[in-house]
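Report on one structure; see the data block that follows.
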Amino acid sequence: MAVPFDQRADLIWFDGKLVPTSDSKVSVLTHGLHYASCVFEGERAYGGVVFEGTQHSERLKRSADILDFEIPYSVAEIDAAKQLVLDTNKQKDAYVRAIAWRGSEQLGVSAQQNNIHLAVATWERPSYFAPAQRLKGLRLDLAQYRRPDPATIPAKAKAAGLYMICTISKHQAERKGYADAMMLDWRGLVAECTGANIFFIQDGRIDTPVPDCFLDGITRQTVIELARRRGIEVVERRISPDELERFSECFITGTAAEVTPVAEIANWRFKPGGIIKQLMEDYTAEVQPKAAAA
């Protein structure tokens, strides 16, 4: 059995200090737990260097601002904290989690005087999906829940509360034998997966949903740029589920998923091809040299 995360024998950066993971405790009366006033980033380190770490730190600060609190550390300080934890834990290829939340000074809807906390943890992490499963293409369910109207939620924040329906949807999919689930938006259009952006290919062109009610992922942005460098047309547009039968290929992107082919979504079938393979190789080349040169 894997060691529980709160019992790992490594260190976490917690409010400016390195502490053993087992000592990094917060109160059960923390506002972030009761009212979801919590934002986070999921990042990857390659060769001991966080890929696009500053972009992630900037987004963490923006997410907190959207949730009406200010992280008491600069982007540079957050970047330095992530590097310190990686170096101290002697981890090269690792997952990096930075998280900020409101404390326990007040427990009610209003908590303007609560202290803001920040922690950074790292751990060695293999591929998000099993290698054999990843290469032949994932099987995705169609999620029950939809991404909400951005007029009803802070859609541009990477906020903990927004992932509740993602966890439910992924659990439901896994119970049915799928690896993940594709979510529609409140209009019934294709949105994303539970923790990754989605792309479709037909006749050499890549189509992907407009990120108007979900995060424009940093990996998503990287892959779009890589495709365009290759001269591949990428179109961001609204995609109806009725169109899925027209696409020949599908893949998802994310910090954990990287670039992963999809073989089926509910009743729709796809066959991973050359463009996806090329983008997988290009993404690997994009993240690795930066670490090696640092």
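The values are calculated or read from the model by the stated rules, or taken from the named source; none is laboratory data. Bear in mind the structure is a predicted one, so any value in this text is a computation, not a measurement. So basically every Cβ, Gly included, is an ideal-geometry build from the backbone, and we count neighbours across all protein chains shown. Ligands, DNA and RNA are excluded from the accessible area calculation, which covers all protein heavy atoms including side chains. Shrake-Rupley method; radii C 1.70, N 1.55, O 1.52, S 1.80 Å.
For this structure, a couple of remarks:
- Within the stretch 209-239, the set of residues being under 21 Å from the mean Cα position of the chain (by Cα) and of a type in the set (Gly, Ala, Ser) comprises 217, 227.
- Within the stretch 114-140, the set of residues being open to solvent by 20 Å² or more (accessible area, probe 1.4 Å), at pLDDT below 95 and in a loop (DSSP other than H, G, I, E, B) comprises 125, 126, 127, 128, 130.
- Number of residues in the stretch 165-186 that are in contact (Cβ under 8 Å) with a residue 12 or more places away in the chain and either over 13 Å from residue 140 (Cβ atoms) or outside any loop (DSSP other than H, G, I, E, B) (or both): the value is 15.
- Top-ranked residue of the stretch 80-98 - restricted to ones that are open to solvent by less than 10 Å² (accessible area, probe 1.4 Å) and either in contact with a Leu (Cβ under 7 Å, 6 or more places away or on another chain) or not in a helix (DSSP H, G or I) (or both), ranked as modelled with the lowest pLDDT: 94
- Among the candidates 285, 257, residue that is surrounded by 13 or more Cβ atoms within 10 Å (Cβ to Cβ) and aliphatic (A, V, I, L, M): 257
- Only listed residue being charged (D, E, K, R) and open to solvent by less than 10 Å² (accessible area, probe 1.4 Å), chosen from 185, 149: 185
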